[in-house]
1. Given H placed on each backbone N at 1.01 Å, which residues far from residue A:124 in sequence or on other chains put an amide H within less than 5 Å of it?
2. Would you kindly work out, in nm and rounded to one decimal, the distances from the label point of residue B:177 to those of the same position in each other copy, ordered shortest first, with label points 7 Å along Cα-to-Cβ?
3. What do you get for the angle between helix A:65-83 and the principal long axis of chain A? Use alpha-carbon atoms, 0 to 90 degrees, nearest ten.
4. So which chymotrypsin sites (Phe, Trp or Tyr not before Pro) in segment B:68-167 pass both tests, a DSSP loop state and at most 13 other Cβ atoms within 10 Å of the Cβ?
5. Where nothing but the Cβ of Lys and Arg (+1) and of Asp and Glu (-1) is charged, how large is the charge dipole of the protein assembly as shown around its Cα centre, in debye to the nearest 20?
6. What length, rounded to one decimal in nm, is gained on full extension from residue B:87 through to residue B:145, with 0.36 nm per residue of separation minus their alpha-carbon distance?
7. Restricting things to alpha carbons, find the Rg to Rh ratio for segment A:1-86 using the Kirkwood radius for Rh.
8. Go through segment A:115-126 residue by residue and turn each phi into a ³J(HN,Hα) via Karplus (6.51, -1.76, 1.60, θ = phi - 60°); whole Hz please, and just put x for glycine and proline.
2 protein chains.
Amino acid sequence: MISFTEENYLKIIYKLSAETENEISTNAVAELTQTKAASVTDMLRKLSEKQLVSYQKYQGVRLTKKGENLALQVIRKHRLWEVFLVNKLGFNWDEVHEIAEELEHINSDELVQRLDEFLGFPQCDPHGDPIPDSNGRMPELGYKNLSDIGENQTVIMMGVSQHSTNFLQYLAKIGLSLGVSINVIEVNDFDKSLTIKIGGNASSFISYEVAKSLLVKVF
Amino acid sequence: MISFTEENYLKIIYKLSAETENEISTNAVAELTQTKAASVTDMLRKLSEKQLVSYQKYQGVRLTKKGENLALQVIRKHRLWEVFLVNKLGFNWDEVHEIAEELEHINSDELVQRLDEFLGFPQCDPHGDPIPDSNGRMPELGYKNLSDIGENQTVIMMGVSQHSTNFLQYLAKIGLSLGVSINVIEVNDFDKSLTIKIGGNASSFISYEVAKSLLVKVF
DNA sequence: ATATTTTTTTAGGTTAGCCTAAAATTTATA
DNA sequence: TATAAATTTTAGGCTAACCTAAAAAAATAT
């Protein structure tokens with residue numbers, strides 16, 4: 001049996017692994033779990049004994065196939081519940097993360113299966129993140145980061161790769177939401193900031209930092 | 001803050017309190033929590049310090065107003081989730097208890113509020129149990145036990161006061177489900193067993209034990 | 001290459017929630 | 001009403017998941 005806490009560690013290691021090829025450091029995990037490095041070391045030893053991660057002391061950690069599958073199932077549940085909260089209960093996309101953090105640990109394959117069906121087998125969550133299937137396969141959505149789009153191209157906003165309430169509220173303020181079209185007018189040479197037109201309105205200015213966190217579909 | 005485990009204790013003490021005017025014994029709690037009496041004693045002391053129960057050692061326990069309110073909110077969540085599982089996800093009424101035991105501990109007033117609305121403000125769960133409102137008030141449904149119905153009366157089955165899978169499957173086998181009409185043909189004098197007609201079909205025989213667990217509406 | 005800084009681990013401790021065994025109290029029975 | 005039986009509590013321990021402080025290893029800088 002795998003505990004609530006262990007599931008969280010796996011999920012966090014999975015997320016960190018998506019950003020690098022290298023082993024994940026103890027400190028990086030500690031930061032996201034909001035614990036101290038010493039606690040992480042304890043847990044890594046335990047997860048290693050359960051064959052959910054491969055870990056040699058001082059050498060960082062990575063998920064085993066088994067650990068990755070478990071992490072993907074937790075992510076699947078998290079994202080399905082987010083779809084439920086937004087599409088069925090009418091929550092805003094910046095309000096669902098905390099609740100989904102709790103719901104993702106409910107244990108019932110039958111429940112997940114039926115929830116998926118009830119929601120119409122969604123491919124992605126309200127932030128545009130792909131939802132893994134019951135075998136842990138991620139759908140290939142082919143989205144790009146807005147920061148990789150050249151001048152004069154027009155794209156559709158499909159998601160975000162950062163979920164802080166702050167960030168989502170900033171997007172709302174400048175008029176960015178899922179489905180709007182974004183026209184890249186100018187890419188600034190030295191800091192990669194962008195001048196864009198949102199849904200045909202007056203042009204806006206966004207930083208490279210923000211552009212990196214926006215997922216868009218190109219035609 | 002109140003923990004998962006504390007919530008379970010409160011819920012169990014609430015249920016036991018519904019069956020008696022007296023203080024609840026340590027052993028009774030231990031049986032339902034599936035723990036040992038010594039563990040219950042520990043927890044009762046803790047709940048008492050938090051003013052959720054009134055407890056004097058060797059004298060049993062009862063909920064304070066504060067403890068009762070918390071218990072009612074947990075029960076509210078449990079029953080709302082059961083409605084969701086049956087009405088929206090298509091589960092059978094004998095499959096939902098375990099899952100609702102987990103869901104009932106999800107913490108978000110906003111979620112409960114929206115779920116209630118999404119379900120159409122149901123008055124009772126799939127077993128016919130009343131759902132307390134957000135102030136902890138139980139709707140008065142006025143159901144009676146089938147064991148209190150006299151000969152020649154016809155009633156409608158509205159619920160059960162026992163939720164074991166065994167029992168629910170027995171009911172399914174003899175053709176008893178919510179909404180069917182029950183005609184009491186004969187009440188046996190010495191063991192109070194009943195001969196009944198279910199939905200106008202051939203007559204069936206049920207024990208007093210079973211009749212006590214069936215909730216019915218009289219016209 | 002050595003010294004310094006940073007990262008990670010170990011050692012030992014805490015709390016929540018459980019346990020067993022023994023002691024205290026209450027209840028039932030002779 | 002005294003004794004036996006049942007219930008409940010106390011005492012002392014365990015495990016999971018955390019902590020701090022100190023030690024060990026790795027990375028960085030001189």
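1. A:131
2. 4.2
3. The answer is roughly 50 degrees.
4. Details: sites: B:81, B:84, B:91, B:93, B:118, B:143, B:167; in loops: B:91, B:93, B:143.
Qualifying residues, ordered by number: none.
5. Once rounded to the nearest 20, the dipole reads 340 debye.
6. Values: separation 58, 0.36 × 58 = 20.88 nm, distance 2.48 nm.
Here the answer is 18.4 nm.
7. On the way: Rg = 12.7 Å, Rh = 13.0 Å.
Here the Rg-to-Rh quotient is 0.98.
8. 5, 3, 5, 4, 7, x, 6, x, 8, 8, 8, x
Coordinate-derived values only; no laboratory data. Note that the structure is a prediction, hence the values are computed from the model and not measured. Backbone-built Cβ (ideal geometry, glycine too); neighbour counts: all protein chains shown.
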